[in-house]
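A quick write-up on the structure given underneath.
Nothing in this text is a laboratory measurement; each read-out follows from the coordinates by a stated rule. Everything numeric in this text was worked out from a predicted model, so none of it was measured. So basically every Cβ, Gly included, is an ideal-geometry build from the backbone, and we count neighbours across all protein chains shown.
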Amino acid sequence: MPSWVLEVGVLLLATFAAGFVSAVAGFGGALLLLPIFVFAFGARDAVAVLTIVQLTSNLSRVALNRAELDRQVVKWFAIGAVPAAVLGSLLFVAAPAPVLTKTMGAFLLLAVVWLRWGPTVRSVSNHVLVGVGAASGLGSALVGSVGPLVAPFMLARGLTKGAYIGTEAASAVVMHLTKLLVFGLAAVLTLPGIGYGIALAPASAGGTYVGKQVVDRLPAQVFAGVVQVGLVAAGVLLLVKG
């Protein structure tokens, strides 16, 4: 079997699994996928390809949970996320690849610390959502995904299950579209990168669909624990690689 066939198979399987995890736990899939893409494509191309895959995954989650979306949350989140995503994308374009790789590794480890020992968020106003959106837009552009950091604020807003998953996904769609626009204008989003993203998109959508079928049957805490273990391993690998 040619090596490229195995590599493509691994990428498709990983992308499917990431879509499944995101659909069940609401976060983590993209971050688990990030180190695999970094090793396959390099740090800069990894974020561009991951953005296309994430866009597909999030659009699928929006469609599957459209009846439960909180559009007010999406609106206030976007007010902060769009300009910050533009700024973050410009910084990403200018940063050296080794710096990006180490930054991604450090972020994955910090995400686990936040999930396990971060402060409890009890209430979230519209103005807080703008700030969360700004931090998310900046972080997403630089490291690919910030889902674990957004999750506590979305949950504190009172969103649960389908409402949380769909609304978080709709908010992410705004960021990813902004990032793709800037990446395209800055020539970071190349034709091969677009091709890889489009080729992997069906696997992401498939994983999202399957995950939606079990989201009400299995405890998300189980997947959250698996995600955290994976993030630690991925973070260490990226720090060593960088």
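The gain in end-to-end length when the K161 to R66 segment is fully stretched comes to 33.0 nm, 0.36 nm per residue minus the alpha carbon separation.
One Cα centroid belongs to the range 6-21, the other to the range 125-203; the line between them spans 20 Å. Legend: Rg and Dmax of the range 1-111, from Cα coordinates, 15.7, 51 Å. Here the residues V10, V188, V47, V73, ranked from fewest to most Cβ neighbours within 10 Å of their Cβ, fall in the order V10, V188, V73, V47.
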